[in-house]
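Engineer: This is the structure, below, for whatever I ask next.
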Amino acid sequence: MIRTLIVCALLFTTAAAGAADVKYVTDNMPIMLRTGPSNQHKIIRTLPSGAALNVLESSENGEYLRVRTENDLEGWVLSQYLVDEPTARLRLAAAEAKLAKVTQENETLKKELSGLKGQFQSTQTERNRLDNQSGKLQQELEELRKVAARPAELDRENREIKEELIAVKNDLRIAQDKNRTLESSAERQWFAIGAIVLFSGMVLGLIIPRIRWRKRNMWSDL
């Protein structure tokens, strides 16, 4: 995988260089950057092996090329000492740098992955805790609902008891009225019986003496 990334990076770098008409100083030796297209012109500076140069134009005979360095210095160099691709040393250095970068990124990703695993475990633990807490809260809610429903049930029971009490009071009142009626009727009956007995006694008191008087007269006549 890492080798594939390195090769792709090198191919991309090479393609971009060709598009911008970039050439590189050969590995053989440093070359001179001059003010003009001949060895008679003044030397501006020495360009190291592997230096990247942007080609601006070519001399009439093609022996020299006018180039611009990475530091924006312009001058002329011999075309025979330039190549189209980075030198092997530069490619190796680029590959090593790319490898180091990829390795570092790999280590960073491993650390991030480890951190994410830890966060996932922590999140899972927190989720389990919240699930347990939610279950307890749901149970408490059900108990509160039952407690809240209890007053309504008690109120209904109280209304039923009151209704039964009213019914009992009505039955008691009716029974009391009946008792009073019966008592009044019994008193009237006893009064009537007493009057009859009294009347009977008075009648007997009047009749019996006469009967006795008649009997004495009858015995006297005999």
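Only the coordinates and a few stated rules stand behind these numbers; no lab work does. Predicted model only: the values in this text are computed from it and were never measured. For neighbour counting, all protein chains shown are included, and Cβ atoms are generated from backbone atoms with ideal geometry for every residue, glycine included.
Engineer: What percent of all Cα-Cα pairs in segment 21-145 falls in each 5 Å bin, counting up from 0?
Structural biologist: Binned Cα distances yield the sequence 2, 9, 13, 12, 8, 6, 5, 5, 4, 5, 4, 4, 4, 4, 4, 3, 3, 2, 2, 1, 0.
Engineer: Need one number: nm distance between label points at R129 and L206, each 7 Å from Cα along Cα→Cβ, rounded to one decimal.
Structural biologist: For the pair R129/L206, the computed spacing is 11.6 nm.
Engineer: Multiplying the sequence separation of R180 and F199 by 0.36 nm and subtracting their Cα-Cα distance, what value in nm do you get?
Structural biologist: Details: separation 19, 0.36 × 19 = 6.84 nm, distance 2.80 nm.
Contour length minus the Cα-Cα distance gives 4.0 nm.
Engineer: So if R0 is 35 Å, what FRET efficiency would L144 and Q121 give, r being the distance between their Cβ atoms, rounded to the nearest 0.05? List each step's numbers first, then the result.
Structural biologist: Values: r = 34 Å, r/R0 = 0.98.
Once rounded, the FRET efficiency stands at 0.55.
Engineer: Using the alpha carbons of segment 92-162, what is the convex hull volume per residue in cubic angstrom, as a whole number? Please report the intermediate quantities before stating the final value.
Structural biologist: Working: hull volume 4.2 nm³, N = 71.
It comes to 59 Å³ per residue, whole-number rounded.
Engineer: Which value in Å is the Kirkwood Rh of segment 141-181 over different Cα pairs?
Structural biologist: Mean inverse Cα-Cα distance, inverted, gives 12.4 Å.
Engineer: Still on this model: Would you list, by chain and number, the lysines whose Cα falls below 20 Å from the Cα of K101, excluding same-chain residues fewer than 8 positions away?
Structural biologist: K110, K111
Engineer: Follow-up question, since we're still on this one. Report, ordered by chain and residue number, the aspartates and glutamates lying within cross-link reach of K162, taken as a straight Cα distance under 15 Å and ignoring same-chain residues fewer than 8 apart.
Structural biologist: Within the straight-line limit of under 15 Å, K162 reaches these aspartates and glutamates: E153, D171.
Engineer: While we're looking at this one, here's another question. Checking the a/c ratio against 1.5 first, then a/b against b/c, what shape does the Cα gyration tensor give for segment 70-211?
Structural biologist: prolate
Engineer: To continue, here is another question. Work through the residues other than V83 whose Cβ is under 10 Å from its Cβ and net out their charges, Lys, Arg +1 and Asp, Glu -1.
Structural biologist: -2
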